[in-house]
1. Place a +1 charge on the Cβ of each Lys and Arg in the chain and a -1 charge on the Cβ of each Asp and Glu, then give the dipole magnitude about the Cα centre in debye, rounded to the nearest 20.
2. Specify the inter-centroid distance of the range 199-276 and the range 55-74, based on alpha-carbon positions, in whole Å.
3. For log10 I(q)/I(0) by the Debye sum over Cα atoms at q = 0.08, 0.12, 0.13 Å⁻¹, several values are listed as [x] -0.54, -1.12, -1.26; [y] -0.65, -1.01, -1.11; [z] -0.48, -1.10, -1.28; flag the one computed from this structure.
4. Kindly rank 143-155, 163-175 from highest to lowest mean number of other beta carbons found within 10 Å of each residue.
5. Counting only protein chains, not ligands or nucleic acids, how are M201, M305 ordered by accessible area (probe 1.4 Å), most first?
6. Quickly work out the N246-to-R9 label distance, labels modelled 7 Å from Cα along the C-beta direction, and quote it in nm with one decimal.
7. Count charges around I379 for me, please; just the other residues with Cβ under 15 Å from its Cβ, Lys/Arg as +1, Asp/Glu as -1.
Amino acid sequence: MLARKEVWREISGLAIPLFVAGSLNLASQLGIVAILGRMGGEAIYVRSLYQPVSLIILALSVGFAVCNQVAAAISRGAGRPQDVMANAAGLARVWLGLGAVLYLALTIAAPSLPGLLHVDAGLRDTLTSFLRWTGAAGLLILGEELCASSLRGYGYVRRATALVVCTASVRVALVAALGPGLGIAAVPVAEAAAAVTGLAMGLVLLRRTELWHPRAVRIWRGQVLTDLRRIGVPIALSFLVISAYNFAVITVLGAYGQNAVAAFTVVSTLQNVVLLPAMALGTATAIIINQRRGAGEWRRIRTSMRGGIEVTVMVYVVIAVLVSSLHDVLADLLGGDPGVAAEAGAYLGAVALTYAVQGPVLASLTVMEETGGGFRAIILNAIYFALIVAVGATTTSTADGFYTVVAYCNLIGVSVPLLATRHIRKIATREAAVAPVRPIATGASSEA
């Protein structure tokens with residue numbers, strides 16, 4: 001029991017700063033939207049049209065960052081801090097090539113997109129310019145992401161969180177300060193300034209650790225491409241699966257009226273907050289598992305996975321009960337319009353208690369994505385989403401019926417933690433068979 005509590009403390013210690021960083025990122029996005037709202041409807045409209053491009057850049061940057069985080073965690077376990085900068089530099093080289101291709105494609109496509117989106121003639125030049133400059137600024141963010149993921153994966157979680165706080169603060173502050181004068185153009189300026197500030201601060205933080213090995217930047221590690229294929233690509237594709245699911249659900253709910261569609265948007269926003277702890281706990285568990293892999297501690301890998309699921313279950317039993325008890329209050333607070341609030345309340349009333357299952361499911365999928373099981377996680381997600389849409393579209397005739405389908409499908413996900421545990425057990429068995437057990441590295445620091 002003492003060993004189990006130690007695992008719980010270790011995972012929780014990593015998850016808390018990860019949750020803080022995720023919350024601040026979400027808050028900064030909402031803050032920028034609120035600032036743009038004060039500039040007028042046109043600013044929000046232009047920013048909304050950029051959303052598909054931002055999702056592509058976000059998907060790619062998250063894929064690269066998680067690859068780097070996994071490699072840093074394994075390097076920590078193996079006691080090879082010099083590999084961290086070499087891996088980050090390799091990912092940066094790949095990103096430069098990929099980013100150049102993406103920006104060229106965006107530059108060519110930008111003039112034709114306003115016409116395809118039926119944008120008013122008076123806003124077409126503004127949208128074209130916004131797409132080009134904001135796309136370029138968004139591609140710069142990877143420098144800060146690589147620094148943060150290097151620190152986070154190696155165990156310097158508080159420093160990585162401080163870096164995220166700094167970057168988010170610069171982004172929001174500049175949009176607020178420059179918005180009255182520059183209008184929507186303040187967004188790409190703020191993005192670029194935040195990216196440069198984050199990279200500079202990240203390098204300073206790395207320099208103060210044993211990870212600082214400038215000569216390693218010249219080393220090319222072929223493992224980078226393998227990691228991108230096994231980890232980065234599935235994570236990027238998962239964003240596309242989620243986007244397709246949201247579009248499909250909106251299509252189904254559209255038959256039940258505007259209030260049902262608006263309520264789904266409201267509940268989705270709330271779920272982004274509710275499920276943040278699951279993502280943080282899943283990432284924390286994956287970091288520890290990858291550190292154990294690097295150290296050759298195969299038995300402790302299984303223990304870490306079990307502990308991560310246990311902590312997540314305990315957290316989400318509490319969250320599920322709280323959201324269920326307060327679902328009408330939350331719906332009124334977020335819904336605004338009485339009709340939307342009523343639909344949101346009905347949705348939450350049906351699904352809130354299933355968060356006790358959905359939280360551990362999301363944490364388990366996160367672990368799978370960050371330990372080489374990303375394609376399997378995509379398949380599980382695709383089956384889950386397809387089941388909701390197919391059953392909801394063919395067997396229900398009301399919005400309430402669709403909400404019930406979502407709740408039952410959430411309960412079916414109870415098998416995912418078992419599949420994730422089996423995945424981790426296979427990793428431990430396979431790697432233990434081909435690699436000798438290494439002693440735990442000394443001198444490596446952790447700020448969990």
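1. Dipole about the Cα centre, nearest 20: 2060 debye.
2. 8
3. [z]
4. 143-155, 163-175
5. Result, largest first: M201, M305.
6. For R9 paired with N246, the spin-label model returns 4.0 nm.
7. Details: positive: R230, R376, R422; negative: E369.
Residues near I379 contribute +2 overall.
The values are calculated or read from the model by the stated rules, or taken from the named source; none is laboratory data. Keep in mind it's a predicted model, so treat the numbers as computed, not measured. Cβ: placed from backbone, ideal geometry, glycine included. Neighbour counts: every protein chain shown. Please note that ligands, DNA and RNA were not included when accessible areas were found on the heavy atoms of the full protein model with its side chains. Shrake-Rupley method; radii C 1.70, N 1.55, O 1.52, S 1.80 Å.
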